[in-house]
Amino acid sequence: MDRGTNRVAIVTGASRGIGRATARALAAAGLQVYLVADGTREELEAGVAECTAAHPASLPSHYGIFDLARTDAAQAIVDATVAAFGRLDVLVSNAGVRVRQPFGDFTAADFDRVVAINLRAGFLLCQAARPAMRASGGGRIIIMASQLGIVADPGAALYGLTKAALIHLARSLALELAPEGILVNAVSPGPIATEYYQQRLRREPDLLQRRLDAIPLKRLGRPEEVAEAVVFLATTPAGFIAGHNLVIDGGFVIR
């Protein structure tokens with residue numbers, strides 16, 4: 001897949017953090033981007049403005065506000081993207097939520113919400129994207145998993161469960177969709193200095209040092225560093241990368 005003009009990408013969870021950085025980086029690489037989130041209109045409009053500034057010669061990006069917990073959202077997102085740009089080449093399924101609780105304190109409502117947004121929404125979106133990508137001659141799907149789909153952390157049993165399932169989903173889809181020219185991979189960030197993580201550090205002052213002690217690079221990652229990896233998987237002409245889970249955690253999981 002060529003970097004540049006006439007390629008179209010969907011990025012979910014694009015109102016802030018890794019998703020917004022990814023949308024901006026894809027736009028800088030020349031792709032038209034459809035930003036999706038259930039965030040505020042102001043956040044998404046700011047994200048679109050950043051995408052336009054990143055590559056002024058490209059067509060303007062668009063955005064849509066969708067509730068990914070709804071089962072009809074996936075097809076609506078793909079339909080809106082194709083209506084705006086005429087095609088679909090890249091899907092970055094990034095949207096997710098966290099509920100941190102000691103095991104035993106999760107409610108059925110917690111389970112349903114986290115599974116619906118983290119797992120079911122991504123699954124349905126990949127299915128909805130498939131026909132549009134086939135019509136474009138192939139494509140790339142990047143599923144945002146997590147380091148916590150590989151390692152355990154107190155309070156993260158439910159979140160980690162969904163992320164481990166996403167890693168398996170990427171492998172399964174890579175196997176099934178490769179004959180159609182659709183390459184599927186996962187990305188698993190570790191501790192990244194997103195707004196969410198910064199808020200958690202303020203609530204748990206000793207957490208930062210514990211994380212730094214476990215990271216060989218001795219720092220948190222930046223959203224832009226995850227975005228760079230996504231752009232590589234989305235645009236590289238290296239067409240033999242499929243079913244891979246790219247861990248971006250400063251070496252945390254090698255310890």
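The values are calculated or read from the model by the stated rules, or taken from the named source; none is laboratory data. Note that the structure is predicted; figures quoted are calculated from it, not measured. Note that each Cβ is placed from the backbone with ideal geometry, even for glycine, and that neighbours are counted across all protein chains shown.
All of Ala76, Ala27 fail the test of being without any contact (Cβ under 8 Å) to a residue 40 or more places away in the chain and touching a His at 6+ places or on another chain (Cβ under 6 Å), apart from Ala27. Taking (1) over 27 Å from Leu158 (Cβ atoms); (2) modelled with pLDDT of 95 or more; (3) surrounded by 20 or more Cβ atoms within 10 Å (Cβ to Cβ); (4) touching a helix residue (DSSP H, G or I) at 6+ places or on another chain (Cβ under 8 Å) in turn, Val82 satisfies each apart from (3). A search for C-beta distances below 8 Å between a residue of segment 44-56 that is farther than 10 Å from Ala25 by Cα and any residue that is part of a helix (DSSP H, G or I), counting only pairs 6+ apart in sequence or on different chains, returns Gly47/Arg20; Gly47/Ala23; Gly47/Arg24; Thr52/Ala27. Tally time: how many residues in segment 50-74 are within 28 Å of Pro237 (Cα to Cα), over 17 Å from the mean Cα position of the chain (by Cα) and not charged (D, E, K, R)? The qualifying residues number 11. Does Gln147 qualify as being touching a residue at least 40 places away in the same chain (Cβ under 8 Å) and under 17 Å from Ile192 (Cα atoms)? So Gln147 fits the description; yes.
Would you point out which residue out of Ala108, Ala170, Ala83 is in contact (Cβ under 8 Å) with a residue 12 or more places away in the chain and among the small types (Gly, Ala, Ser)? Full working, then the answer.
Numbers: Ala108 fails: in contact (Cβ under 8 Å) with a residue 12 or more places away in the chain; Ala83 fails: in contact (Cβ under 8 Å) with a residue 12 or more places away in the chain.
Of Ala108, Ala170, Ala83, the one residue that is in contact (Cβ under 8 Å) with a residue 12 or more places away in the chain and among the small types (Gly, Ala, Ser) is Ala170.
Taking segment 178-255 as the region of interest, the helices (runs of 4 or more DSSP H) fully inside it that hold 1 or more residues being on the phi < 0 side of the Ramachandran plot, surrounded by 14 or more Cβ atoms within 10 Å (Cβ to Cβ) and in contact with a Phe, Trp or Tyr (Cβ under 7 Å, 6 or more places away or on another chain) are 207-214. If the condition is being hydrophobic (A, V, I, L, M, F, W, C), under 21 Å from Gly138 (Cβ atoms) and assigned to a loop (DSSP other than H, G, I, E, B), then segment 68-96 contributes only Leu88.
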